[in-house]
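All remarks here apply to the structure that follows.
The values are calculated or read from the model by the stated rules, or taken from the named source; none is laboratory data. As the structure is a prediction and not an experimental result, all values here were calculated from the model. Note that we place each Cβ from the backbone using ideal geometry, even for glycine, and neighbour counts take in every protein chain shown. Heavy atoms of the whole protein, side chains included, go into the accessibility calculation; ligands, DNA and RNA do not. Shrake-Rupley method; radii C 1.70, N 1.55, O 1.52, S 1.80 Å.
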There are 2 protein chains.
Amino acid sequence: MKEKEFIDIIKSTINPELIGDDCAYLEDLGIVISQDSLVEDIHFKFAYTDAYKLGYKAAMVNISDICASGAEPEYMTVALSLPPDKDGEFIQKFYEGVKAAAPDIKIAGGDITGSCEKVYISIAIIGKTAGRTISSRSHAAPGQLVIVSGEHGNSAEGLKRLLNGENCPEKFLNAHLMPRAEREFSRQIAENITAPYAMMDTSDGLMDALSQIAYSSGVKLSVNYNKIPHDAFVDKANVLYGGEDYKLVATIPESLLFKLDKAFVIGKVEKGLGVELDGKVLTKDDIESKIFNHFKG
Amino acid sequence: MKEKEFIDIIKSTINPELIGDDCAYLEDLGIVISQDSLVEDIHFKFAYTDAYKLGYKAAMVNISDICASGAEPEYMTVALSLPPDKDGEFIQKFYEGVKAAAPDIKIAGGDITGSCEKVYISIAIIGKTAGRTISSRSHAAPGQLVIVSGEHGNSAEGLKRLLNGENCPEKFLNAHLMPRAEREFSRQIAENITAPYAMMDTSDGLMDALSQIAYSSGVKLSVNYNKIPHDAFVDKANVLYGGEDYKLVATIPESLLFKLDKAFVIGKVEKGLGVELDGKVLTKDDIESKIFNHFKG
């Protein structure tokens, strides 16, 4: 069973209205909140990473969710569950990594517990919404441009090379092990846009994000492969479907472009439904069968 | 190494000012936040519990942290990491348990991922502080009474009987598997008190809570064993040191007592330092060597 089916079960069991975006928008409190976990041997292996990089990535993954909403990341709580062989030094390096990823974000407690074998990390993060327009993946509208914040596929390329024991240039290695959330791109959009807009991070890949936005908004996102920024060494499959780049995809009015330091226009929002790549409409199944999915294995 | 030493390492690595209470008080946002995890075979075993009870307890453990602060629990995010043998039915029952524990608390997303073998649960919870005076374990002051909200030791008694395969009356079983957070006790104090006060839950046992309050506040808590509400079948060691009862301990002025429906006065706050039980001062080491500690094993 896939994560999306699990989420449907959750939505039918509890209040569904706050479930669906990278963050939940708690308007009465003026905040967004999100929580993401990393599990040893599912999301990372100590053969390729260490406590410092792990703390850095765990923080960034959560910061990226706040960036996807357009809010300003403000506070985190950090829960660590550690097997007996992980000691105080591990904890210190981990928190140094967290701190390096987010020197201005305050850590507001959390939990530290034992675990039998594996390291388990779960971080909750709060962002402030004051002065920002908050996105929703259901807010794309025909006439908007589809933009992204940077290169896609580098993280998947790094992971592939690590797993195959191939030479792995720093660029791909860092994209996978120490990704950077797009805080400035997010801020420039959220502070300058007034109309509803969609924004997501590409934690599960670019095509997944495009598909989620298209079906949530009831629109067609028409994109051109050649417009998607990517490294020449990265396969097309990884550019489109590789996960964990933590870039942002947004749908914005053309008039906003000049406010953004860095934005790559990859297509436009049209009437219709789904994702059209280079003139060919992809079905939901086409995309979902290929997306980056930790439940696959 | 013990959890408290780990926390000292964390405090020295990051901003320490929001670490120390059951919840962090984010005054600028008018909220408190907390996060607690439950790990299979560390905090629970499926031999004794099931998905529904687990969801119920995981929610209650977190609600109890908010109650300890005096705030009103409002939103939760829920992260579940599940091994391949746990399916949609497990998720549904788990969320039904969460919902039963907290019908009025909204679930604001979270995460669902795979894990290799064990179930990991981590919940973050937000409470609203409007109209409430927020506690701190460093706010006990000489002259206050030490009160508790109910019986101690029932959860440890239940766990002992489960582990020994003994007959386990419903009362002890429920105390351990489906504890109830003390929302009403917390509300009555936090809405009626204006002076600084200390409050903690007894997740790690009554004596641990008393010791934390005493050393954080720089006061002596003098208590009488016979005043501590407990079931006649429960050992003294479990009444004092047994964890996971999720009762509240607070230090309040005597004048507040008549505002509380239910409160057991077990002692008073005096000048000095530490915990005095029936006239005998216990050292920090006395207490810490006996407290309920998942890292012991």
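The set of residues in region A:132-174 that are more than 17 Å from A:Asp231 (Cα to Cα), among the aliphatic types (A, V, I, L, M) and in a helix (DSSP H, G or I) comprises A:Leu162, A:Leu163. Just one residue in the set A:Ser155, A:Ser115 is buried (at least 22 other Cβ atoms within 10 Å of the Cβ) and not assigned by TED's automatic domain parsing to the domain that holds A:Ala263; that residue is A:Ser115.
Taking residues in region B:64-81 that are within 12 Å of chain A (Cβ to nearest Cβ) and closer than 15 Å to B:Leu38 by Cβ, and partners anywhere that are open to solvent by 10 Å² or more (accessible area, probe 1.4 Å) and β-branched (Val, Ile, Thr), the pairs with Cβ atoms closer than 8 Å and at least 6 places apart or on different chains are B:Ser81/A:Ile42. Name the single residue that is nearest to B:Gln188 (Cα to Cα) among those in region B:118-128 being in contact with a Leu (Cβ under 9 Å, 6 or more places away or on another chain) and open to solvent by less than 20 Å² (accessible area, probe 1.4 Å). Residue satisfying both the conditions and the ranking: B:Ile126.
Of the residues A:Ile121, A:Ile147, only one is within 14 Å of chain B (Cβ to nearest Cβ) and in contact with a helix residue (DSSP H, G or I) (Cβ under 8 Å, 6 or more places away or on another chain); which?
A:Ile121
Go over the candidates A:Ala181, A:Ala101 one by one and state the one that is under 23 Å from B:Thr77 (Cα atoms) and within 14 Å of chain B (Cβ to nearest Cβ). Going through A:Ala181, A:Ala101 in turn, just one is under 23 Å from B:Thr77 (Cα atoms) and within 14 Å of chain B (Cβ to nearest Cβ): A:Ala101. The set of residues from region A:21-37 being open to solvent by 10 Å² or more (accessible area, probe 1.4 Å) and facing chain B (nearest Cβ under 8 Å) comprises A:Asp21, A:Cys23, A:Leu29, A:Gly30, A:Asp36. Among the residues making up region A:65-92, those that are touching a Lys or Arg at 6+ places or on another chain (Cβ under 9 Å) and not in a strand (DSSP E or B) are A:Ile66, A:Cys67, A:Ala68, A:Ser69, A:Gly70, A:Ala71, A:Pro83. Only a single criterion out of (1) basic (Lys, Arg); (2) facing chain A (nearest Cβ under 10 Å); (3) closer than 30 Å to B:Gly272 by Cβ is not satisfied by B:Lys93, namely (3). For B:Ser222, the stated conditions hold: it is open to solvent by less than 50 Å² (accessible area, probe 1.4 Å), among the polar types (S, T, N, Q) and over 28 Å from B:Ala102 (Cα atoms).
Would you list the strands (runs of 3 or more DSSP E) that sit entirely within region A:197-297 and hold 2 or more residues that are under 17 Å from the mean Cα position of the chain (by Cα)? It would help to see each step written out before you state the result.
Details: elements: A:198-201, A:220-223, A:248-252, A:264-270, A:274-277, A:280-282.
Passing ranges, in order: A:198-201, A:248-252.
Looking across region A:8-20 at every residue that is within 7 Å of chain B (Cβ to nearest Cβ) and in a helix (DSSP H, G or I), the one that is farthest from B:Leu82 (Cα to Cα) is identified as A:Thr13. Restricting the first member to region B:224-236 and to residues that are of a type in the set (D, E, K, R), and the second to residues that are modelled with pLDDT of 95 or more and open to solvent by 70 Å² or more (accessible area, probe 1.4 Å), the beta-carbon pairs closer than 8 Å and six or more apart or on different chains are B:Lys227/B:Phe264; B:Asp231/B:Lys171.
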